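Student: One structure, as structure tokens, below. Some questions next.
Bear in mind that the values in this text are calculations on the coordinates, not laboratory data. Note that the coordinates shown come from a computational prediction; the quantities given were computed from them, not determined experimentally. Counting neighbours? That spans all protein chains shown, and the Cβs are built from the backbone with ideal geometry, glycine included.
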């Protein structure tokens with residue numbers, strides 16, 4: 001299970017009730033998300049379906065073209081319940097967004113887990 005004490009609303013890509021891009025874009029400014037993970041959560045707990053795939057994309061400008069940074073393999077409900085997090089490789093993009101694909105009911109949430117571990 002992934003330990004997390006550092007979730008922050010500024011790290012939240014937002015919730016989805018259908019596949020697509022998450023509603024929030026995260027501005028990294030001068031910070032970097034490398035060595036962090038993007039966790040998938042089930043905020044309402046009424047999820048069914050899947051498996052899902054998560055993709056993290058980056059751009060140098062907020063309204064620019066987003067390029068794929070990393071894509072997960074298949075993610076099941078059990079993996080999410082156990083604490084799934086997709087590691088972010090080193091990137092210099094200033095803007096990040098998450099996308100979820102797959103068929104599901106309920107809602108999913110993608111959020112950067114800023115806990116790097118010990």
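Student: What is the order of 53, 76, fewest Cβ neighbours within 10 Å to most?
Tutor: Final ranking by Cβ density, sparse to dense: 76, 53.
Student: Hey, another quick one. Out of all DSSP beta bridges with both ends in the chain, state the antiparallel percent to the nearest 5.
Tutor: For the chain, the DSSP antiparallel bridge percentage is about 100.
Student: Need one word for segment 9-113: rounded, prolate or oblate. Basis is the Cα gyration tensor (sqrt eigenvalues a ≥ b ≥ c); a/c below 1.5 gives rounded, then a/b vs b/c decides.
Tutor: Judged from the Cα gyration tensor, segment 9-113 comes out prolate (a/c at least 1.5, a/b above b/c).
Student: Over the chain, what relative contact order in percent results from Cα pairs under 8 Å that are six or more residues apart?
Tutor: Over the chain, the number comes to 46 percent.
Student: Want the number for residue 74 to residue 34: 0.36 nm per residue separation, take away the alpha-carbon distance, what's left?
Tutor: Going from the current span to full extension adds 12.2 nm.
Student: Under 8 Å for C-alpha pairs, at least 6 residues apart: give me the relative contact order for segment 43-111, rounded to a whole percent.
Tutor: Computed over segment 43-111, the figure is 50 percent.
Student: Next up: Is the C-alpha gyration tensor of segment 59-118 telling us rounded, prolate or oblate? Criteria: a/c under 1.5 is rounded; beyond that, a/b larger than b/c is prolate, otherwise oblate.
Tutor: Oblate.
Student: With 10 angstrom as the radius, rank 70, 108, 38 by how many other C-beta atoms surround their C-beta, starting from the fewest.
Tutor: If I rank by nearby Cβ atoms, fewest first, I get 70, 38, 108.
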